Amino acid sequence: MPVQSIFPRLEPLLPRVQKPIQYVGGELNSQVKDWDEAEVRWALMYPDAYEVGLPNQGVQILYEILNERDGVLAERTYSVWPDMEAVMRENGIPQFTVDAHRPVAAFDVFGVSFSTELGYTNLLTALDLAGIPLESADRTDEHPIVLAGGHAAFNPEPIADFLDAAVLGDGEEIALAITEVVREWKAEGSPGGRDELLLRLASSGGVYVPRFYDVSYLPDGRIQRVAPARPGVPWRVEKHTVMDLDQWPYPKKPLVPLAETVHERFSVEIFRGCTRGCRFCQAGMITRPVRERSITTIGEMVDQGLRESGFQEVGLLSLSSADHSEIGDVAKGLADRYEGTNTSLSLPSTRVDAFNITLANEFSRGGRRSGLTFAPEGGSERMRKVINKMVTEDDLIRTVTTAYENGWRQVKLYFMCGLPTEEDEDVLAIADMAKRVIRAGREATGRRDIRCTVSIGGFVPKPHTPFQWAAQCDHETVDRRLRALKDALRGDREYGRAIGLRYHDGQPSIVEGLLSRGDRRVGRVIRAVWEDGGRFDGWSEHFSYERWTACAAEVFAGEPVDLDWYTVREREEVEVLPWDHLDAGLDREWLWQDWRDAVDGTEVEDCRWTPCYDCGVCPTMGTEIQIGPTGRRLLPLSVV
Amino acid sequence: MIQRLRVRYAKRGRLRFTSHRDISRAVERAVRRAGIPVAFSAGFTPHPKISYAGAAATGVASEAEYLEIGLTETRDPARVRADLDAALPSGLDIVDVVPVGTGRAGDAPVRPGAFTDRLQASEWRIRLDGVSRSDAAAAVAAFMAADDIEVERLTKKGRRRFDVRAAVHALETSPGEPSGDRSHGQDRRAAGVADAPCAILRMVVRHCTPAVRPDDILTGLRLVADLAPPSPPLVTRLAQGPLDADTGGLADPLDPDREPVRDGAGDGAGPAGDPRPGEAASVDAVSA
Ligand code: B12
Ligand code: SF4
């Protein structure tokens, strides 16, 4: 059946909405394939505004990999702003892709990438606009398979009713594998309809199909067990790990939008995984083990990406970029290569202890020294032991002193508030640290224009981390501590004006907590919030805490659970967690031990440098650490 | 900076929804992709030397927008045209590239702003779907008959009332969709809207302060004749340039740059910025 572009109907309406360019597509390196020639068609979505979603690497990688295959077509779609949503509803325009403006409902697979749980209500908007029934149970063979991926998919239970399937971990290989299953099933004439297709996906072991699992509850509200509801469906679903990143050098042709986006640079992932073992960090836990890209692949990707995009900035991306075994050579090689071309390099996610000034100098060669960012995360030494962020205050002071001596004037420090076992004084210690930073900077440089910005966010316990059992700190306590910190900083005559404070209040973190560690019952709250108008929960101007609490209270009335039960309640070791059947490879006993160690303030080593501490990932997943050094050097390419 | 190039570009079809900032980012990237040796400003955050002369509003298509690029090496304008065009998304199209005479020894330096001074007026086309030609013609007649037409609009300086009539040099309804027009309309035609009534206005409007924009003229038409298009108008800038007193039309603002330069160009060399295939560009002469 030919599928028509909705653009002719959309175009006359575009002058009525904000930033219409985000809806027209036509990005450099985007592609439109022939609909009828494709056997399997994917609509990929990042459930946030275009300006946030377009730069997302996960979606760009899958888009490119799928489109490279013959007979496979992939297009993209993003969340439309409320003004556009109203216009679309008024005119009967369905959720569309920006590539060829085809209706999302016409695709075979609707793949949605969740890097944050706050995109859940946006999923419902998209489904509804697409004309796809919100609940999986109501869909027919006419509708696409709604598939979630990304970090938040490691606990998809709160959105289980809205999904047909979810994938854990790296998407490159599994997206192609799913494509093959769909292709075969379609080629056979779609036997058994939707149910059969989902069963085929589920029995492969690498795709989680929530409807094939029954969840039963204990009278007190805890989960009794989660069990397969069908023969052939595995008890546990495993995450996917791409083992040789050099074989997957994507994106090769980065999408370059016309509209302004949050991330205007070409990013190369220099490695995946992180074994620093920060206990709050879900990303670090679920992406193990460390797999580096080699220096030569990085060099080629940067070269090609810049040529294809025309970007002026390269970001070397990972969870802790300075940890790459050859980062010094990578930095020097790139700085040499692009010297004098007005190309800047950036290294997000640098740890204090991994920071070295030579590296920073390479990255800012010939350019500005605007600011450096470090993330001690905890204000006191004790707190940092609890979260396993192994950096001492002296380390930090030494590092920032060197930075100030080398010409930087501004240092940004990231912290979290509401960490397990935290007391008021742990947060107030942040003020002392910030003052020491300024003092050190002034002494080192003899200047008064030294600045430091403290950025602090509320801690949310996440699944598959040692803190998955922890009680989340209530928002009143978080807010009280933040106020105390603010007073301690503002009231300081000597240093107060040199220190900036950026913080978010505690309420959104509670909702994030509900969505992060929620189970299937939370789906009804999400739906109620969405029906009440909840959209774009990651945006403070759209987020309404009152709406979430009111809906939660209504949905959970008469049940043994409530908002507090999901958030500020500590769990016991024996409790079945909603994601226990979803396997990130981490050994449950190891996680529990790490949680106990956290409470005692015992640290663990990084398994990349010191012998394995048995988190269980490698043996369970059949993976291994892949790091250099390769000993190779970057060839200085001549840039035209 | 060794060479300056003046560039005429078009913003067509769905890319008319790009804002001025979007375009400047896209051009900077395209310049890099095309390997054009653009000059950078000095200072902490060096900026590529690309400057823009006015800019059609977001949502307005244009066949005639202008920018200027400073280069650190001399380049053949025809090649720059082709390379830059290839590096830009289609819909942002490079129409013409001409080198700016940098002046010979003894010449007065080129006055800044001199080029924008050439852009005295714009020619616009407005497509009004759902408006019959006779209604449009009546409104145009009423508009032209008026001495002044005050409209109100929110400007950067707040609400302002100003006359739109005086700036209008010419205004007429024009017959049907011109053939070979690539700027827009395809999508709507595909939707079958083409059978519905549709009026097309053409106008030449002088640039002045506050700027009289096509939507101000539409406001004026509504005031004088109750003309209220049911769907958003499609506006295209067709040309910008010096007003030609004789013809009432607009001259090409790049023409003065095309003037053959003293002895350098020799016999038969085409206009500097517009060498035909197989013809050597007279770049060297210009930048010598
Ligand atoms: C760049 C970046 C940003 C950028 C760009 C975001 C963007 N649009 O992509 C900016 C600065 C805007 C940003 C913002 C935020 N970020 Co951020 N960000 C990153 C960073 C450094 C890289 C992300 C990345 O590109 N990874 C590489 C890609 C390839 O991985 P991926 O997206 O996960 O995709 C792979 C798989 O997940 C899978 N997959 C993904 N989607 C799908 C879909 C389907 C259907 C399938 C089959 C597979 C699949 O396949 C992909 C390829 O293998 C990461 C840290 C890191 N190194 O991962 C943090 C990170 C993702 N961000 C994080 C956070 C918390 C945020 C914010 C919420 C921060 C805030 N408080 O505002 C916001 C949220 C923004 C939003 N609304 O989405 C956290 C996520 C927390 C977690 N889950 O543990 C991370 C992990 C950092 C951290 N250590 O805490 N971020
Ligand atoms: S099992 Fe050991 S080696 Fe593998 S990621 Fe875990 S700690 Fe590292």
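Just so it is clear, none of the values below were taken in a lab; they were calculated from the coordinates. Just so it is clear, the model here is predicted, and its values are computed rather than measured. Positions of Cβ are generated from backbone atoms using ideal geometry, with glycine treated the same way; all protein chains shown enter the neighbour counts.
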Checklist entry - Which one of B:78, B:53, B:87, B:30 is over 17 Å from the mean Cα position of the chain (by Cα) and away from chain A (no Cβ under 13 Å)? => result B:78
Checklist outcome for this item: The lone condition residue A:94 fails out of (1) within 14 Å of chain B (Cβ to nearest Cβ); (2) in contact with a strand residue (DSSP E or B) (Cβ under 8 Å, 6 or more places away or on another chain); (3) within 30 Å of residue A:511 (Cβ to Cβ); (4) assigned to a loop (DSSP other than H, G, I, E, B) is (1)
Checklist entry - Just for helices (runs of 4 or more DSSP H) wholly inside the range A:478-571: which have at least 1 residues that are aromatic (Phe, Trp, Tyr)? => result A:522-531, A:545-556, A:563-567
Checklist entry - Looking only at residues in the range A:280-301 that are more than 16 Å from ligand 2 (Cβ to nearest atom) and charged (D, E, K, R), which one is farthest from residue A:583 (Cα to Cα)? => result A:300
Checklist entry - Where in the range A:196-312 are there strands (runs of 3 or more DSSP E), lying fully within it, with 1 or more residues that are within 14 Å of another protein chain (Cβ to nearest Cβ)? => result A:266-269
Item to check | Candidates A:445, A:465 - the one that is over 27 Å from the mean Cα position of the chain (by Cα), among the hydroxyl-bearing types (Ser, Thr, Tyr) and on the phi < 0 side of the Ramachandran plot | outcome: A:445
Checklist entry - So, in the range A:106-120, of the ones that are assigned to a helix (DSSP H, G or I) and near ligand 1 (Cβ under 7 Å from one of its atoms), which residue ends up farthest from the other protein chains (Cβ to nearest Cβ)? => result A:118
Checklist entry - Do you know which residues across the range A:244-253 are touching a residue at least 12 places away in the same chain (Cβ under 8 Å) and within 19 Å of residue A:271 (Cβ to Cβ)? => result A:244, A:245, A:246, A:248, A:249, A:250, A:251, A:252
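A quick yes/no check of all residues on (1) closer than 24 Å to residue A:81 by Cα; (2) in a helix (DSSP H, G or I):
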{"position": "A:25", "(1), (2)": "yes, no"}
{"position": "A:34", "(1), (2)": "no, no"}
{"position": "A:38", "(1), (2)": "no, no"}
{"position": "A:42", "(1), (2)": "yes, no"}
{"position": "A:47", "(1), (2)": "yes, no"}
{"position": "A:51", "(1), (2)": "yes, yes"}
{"position": "A:60", "(1), (2)": "yes, yes"}
Next on the checklist: Is it the case, given these coordinates, that residue A:51 is surrounded by fewer than 21 Cβ atoms within 10 Å (Cβ to Cβ), near ligand 1 (Cβ under 10 Å from one of its atoms) and touching a residue at least 40 places away in the same chain (Cβ under 8 Å)?
Outcome noted: yes
Checklist entry - How many of the residues in the range A:590-607 are more than 7 Å from ligand 2 (Cβ to nearest atom), surrounded by 19 or more Cβ atoms within 10 Å (Cβ to Cβ) and not in a helix (DSSP H, G or I)? => result 1
Item to check | Residues located in the range A:274-311, provided they are within 10 Å of ligand 1 (Cβ to nearest atom) and within 17 Å of residue A:29 (Cβ to Cβ) | outcome: none
Next on the checklist: Please go through the range A:478-519 and give me each residue that is within 28 Å of residue A:582 (Cβ to Cβ) and among the aliphatic types (A, V, I, L, M), ordered by number.
Outcome noted: A:510, A:511, A:514, A:515
Checklist outcome for this item: For the range B:1-27 the number of residues that are within 7 Å of another protein chain (Cβ to nearest Cβ) and in a strand (DSSP E or B) is 0
Item to check | Selected residue (only one of A:399, A:453, A:373 is within 29 Å of residue A:335 (Cβ to Cβ), hydroxyl-bearing (Ser, Thr, Tyr) and in a helix (DSSP H, G or I)) | outcome: A:399
